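**Student:** The structure under discussion is supplied below as structure tokens; questions concerning it will follow.
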């Protein structure tokens, strides 16, 4: 009888612990991400140039930069060594497979977008020397045709910056959806705003 009572008490305790674990809120974003103020936006280095829409990824990159600058929370960094966060973008076209050209330096831009009093201007590419694995300074290779298979939706992925091979480290936040990178709304940036707001509220409520 005593053994059965002890077993029941043990099961009750386990159930309480499981319930408490479920009630505990998951951390939305870590503190260092909330403190970030500089961001570098790059095209996913694994993305090729689509034959049907060769400017799709570059346009998405610029649209995300404009949306971030309009937000006003971040300053656009010129390279990975000065960026607190790195955001990788990649356009989807709704197809599981598409023909692209690989080996094209899609992240090597001679100019960068900069906010100005009259809107958005263009500035020279300045900053510290690139780090190892900097997506803006990839190892050169000859352009070649390739077939990309997989992601059909727009991708927006956030990584920590100021580190070697930042894009091979675990991402801190991901968002994918049809037309997630479409201007002028850029839903991916709006979703990132919401998750940051939620994380800040969670942080303020934590004793």
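Only the coordinates and a few stated rules stand behind these numbers; no lab work does. Remember, predicted model here, so these are calculated numbers, not experimental data. As a convention, Cβ positions derive from the backbone with ideal geometry for all residues, glycine included, and neighbour counts pool all protein chains shown.
**Student:** What ranking do 174-185, 74-85, 195-206 get when scored by the average of other Cβ atoms within 10 Å per residue, highest first?
**Tutor:** Put in order of decreasing packing, that is 74-85, 174-185, 195-206.
**Student:** Right, here's the next one. Modelled label-to-label distance, residue 176 and residue 202, 7 Å Cα→beta-carbon offset: nm?
**Tutor:** 2.2 nm
**Student:** Here is a follow-up. Run the numbers for residue 52 and residue 31: contour at 0.36 nm per residue of separation, minus the present Cα-Cα distance, in nm.
**Tutor:** Taking residue 52 through residue 31 to full extension adds about 3.4 nm, to one decimal.
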